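The values are calculated or read from the model by the stated rules, or taken from the named source; none is laboratory data. If you're wondering where the values come from, they're calculated on a predicted model, not measured in any experiment. In this analysis, Cβ positions are derived from the backbone assuming ideal geometry, glycine residues included, and neighbour counts consider all displayed protein chains. When the accessible area is computed, the model is the full protein with side chains, heavy atoms only, and any ligands, DNA or RNA have been set aside. Shrake-Rupley method; radii C 1.70, N 1.55, O 1.52, S 1.80 Å.
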Amino acid sequence: MKIAILPGDGIGTEIMAEAVKVLGALDLGFDTETALVGGAAYEAHGHPLPESTLSLAKAADAVLFGAVGDWKYDKLERALRPEQAILGLRKHLGLFANFRPAICYEELTHASSLKPELIAGLDILIIRELTGDIYFGQPRGRRTAVDGHFPGAEEAFDTMRYSRPEIERIAHVAFQAARKRRGKVTSVDKANVLETFQFWKDVVTEVHRSYPDVELEHMYVDNAAMQLVRAPKKFDVVVTGNMFGDILSDEAAMLTGSIGMLPSASLDQRNKGLYEPSHGSAPDIAGKGVANPLATILSAAMMLRFSLNQPEAADRIESAVQAVLAAGLRTGDIWSEGTRRVGTREMGDAVLAALTGKTITKS
Ligand code: NAD
């Protein structure tokens, strides 16, 4: 088994070092190989996703990814910007299903901006379709308007589209995930306004016939945005398109207090995946040694569970993270009165210690 390690930019390198340390301690005999991606790859090879990095990602059994991006690349042409590496990896590896769990650890209920009783025990899973929708639909571009409110004016346009197989495969993923959880899927659409999402709703309803044991509800995206902050525990699995999922998964992330806690997985048809924290490269805190490495460490746990068939090892990492939080150790993003503020490396060391059976104390 081979894991491709792509740390990326900004805090990516700092948080990845901790995840690699934790993986190494499990002694599972995996090979790891590291490569540049994002801005770091652009600096070295003139492209955010060089051929050598893509070949490594294709050959590996799983990819562990840090984060990419920096404001200094904002003026580069779009194809050379660091974030294009993520889109390229998704496309070339066929990663169509994005899993973003939003779990609120008991110890962190106060870190959320919502009332503790609304989020205590929260455990929801957002499944976002990742390779279709308005983000990839053609045609797109700029032109002179020939009709609309201002004929003759400059305009820009994108195309929202989904094919039946694209919707069917993500619907199957969602129903199967719900079967292993609490058995409920909420399909989020905008069928009242958009043809694409009326079709989405129809196809999801058809696929549901093969899963009579799973409850299906449909919800408009505006209502879903509202319900996520009003009564988030009503959800179990939420499945939606690329753009709605992009927005709702960030909203769900904040329910739990910090984006620094949230792992994610992007899977292909055969459960090969790319695993990454839900946050970006955080240029504002990069190099300071204060970033929270737990989202990346928990992404490594997801990788062990989904792609590398090591559920016990995944459980061990998750329990170690829980033990460290229970002991009161916190990076700055989740710190509160009465807990101990630690840096990136110290947090990684504490997870490692918990993993090897040491008792973690606040001092
Ligand atoms: P961001 O997620 O990097 O940061 C948002 C805020 O959260 C910042 O205040 C940051 O300090 C904080 N934060 C993020 N991760 C943290 C962690 N682990 N510990 C503590 N605090 C953390 O989003 P942004 O500032 O909008 O974007 C910064 C760069 O990252 C941009 O170039 C953007 O394009 C890129 N980005 C990359 C990815 C990715 O690699 N998958 C995702 C989102 C954004």
For this session: Note down the nm distance, to one decimal, between modelled labels 7 Å out along Cα→Cβ at E117 and at E168.
Result: 4.7
Seminar exercise, completed: By the C-alpha gyration tensor axes a ≥ b ≥ c (rounded if a/c is under 1.5, else prolate when a/b exceeds b/c, else oblate), the shape of segment 102-258 is oblate
Problem set entry | Full-extension gain in nm, A231 to Q176, via 0.36 nm per residue minus C-alpha separation | 17.4 nm
Problem set entry | Average accessible surface area per residue within the chain, 1.4 Å rolling probe, Å² | 45
For this session: Multiply the residue gap between A59 and E77 by 0.36 nm, knock off their C-alpha separation, and tell me the result in nm, one decimal place.
Result: 3.6 nm
Problem set entry | Charged-residue dipole, Cβ positions (Lys, Arg, Asp, Glu), segment 102-258 about Cα centre, Debye nearest 20 | 300
Seminar exercise, completed: For segment 36-51, in residue order, the Karplus 3J(HN,Hα) values (coefficients 6.51, -1.76, 1.60; θ = phi - 60°; whole Hz; Gly and Pro = x) are 7, 8, x, x, 4, 6, 4, 4, 7, 10, x, 8, x, 10, x, 3
For this session: Rounding to the nearest 20 debye, state how big the charge dipole of segment 137-215 is about its Cα centre with +1 on each Lys and Arg Cβ and -1 on each Asp and Glu Cβ.
Result: 500
Exercise. For the chain, what relative contact order do you get, as a whole percent, if you take Cα pairs closer than 8 Å and at least 6 residues apart?
Worked result: 21
For this session: Considering only protein heavy atoms, with the full assembly of protein chains and a 1.4 angstrom probe, order S52, S163, S336 by accessible area, largest first.
Result: S52, S163, S336
For this session: Note down the relative contact order for segment 102-258 as a percent, whole number, built from C-alpha pairs under 8 angstrom at least six residues apart.
Result: 36
For this session: Go ahead and estimate [θ] at 222 nm for the chain from helices alone: -39,500 (n - 2.57) per DSSP H run with n ≥ 4, summed, over the residue count, rounded to 500.
Result: -12000 deg cm²/dmol
Problem set entry | Estimated vicinal HN-Hα couplings, Hz - segment 267-273 in sequence order (Karplus 6.51, -1.76, 1.60; Gly, Pro = x) | 10, 9, 4, 10, 6, 6, x
For this session: First compute the accessible area of the chain with a 1.4 Å probe, then give the percent of it belonging to carbon and sulfur atoms.
Result: 51
Exercise. Sorted by accessible area with a 1.4 angstrom probe, largest first, how do S258, S113 fall?
Worked result: S113, S258
Exercise. Once you sort the root eigenvalues of the Cα gyration tensor of segment 305-358 as a ≥ b ≥ c, which label holds: rounded (a/c under 1.5), prolate (a/b larger than b/c) or oblate (the other case)?
Worked result: prolate
Exercise. For segment 327-342, in order, what is each residue's ³J(HN,Hα) by Karplus, 6.51 cos²θ - 1.76 cosθ + 1.60 with θ = phi - 60°, in whole Hz (x at glycine and Pro)?
Worked result: 6, x, 8, 9, 7, x, 5, 10, 5, 8, 3, x, 10, 9, 7, 10
Exercise. Where does each of 196-205, 289-298, 338-347 land if you order them by average Cβ count within 10 Å, highest first?
Worked result: 289-298, 196-205, 338-347
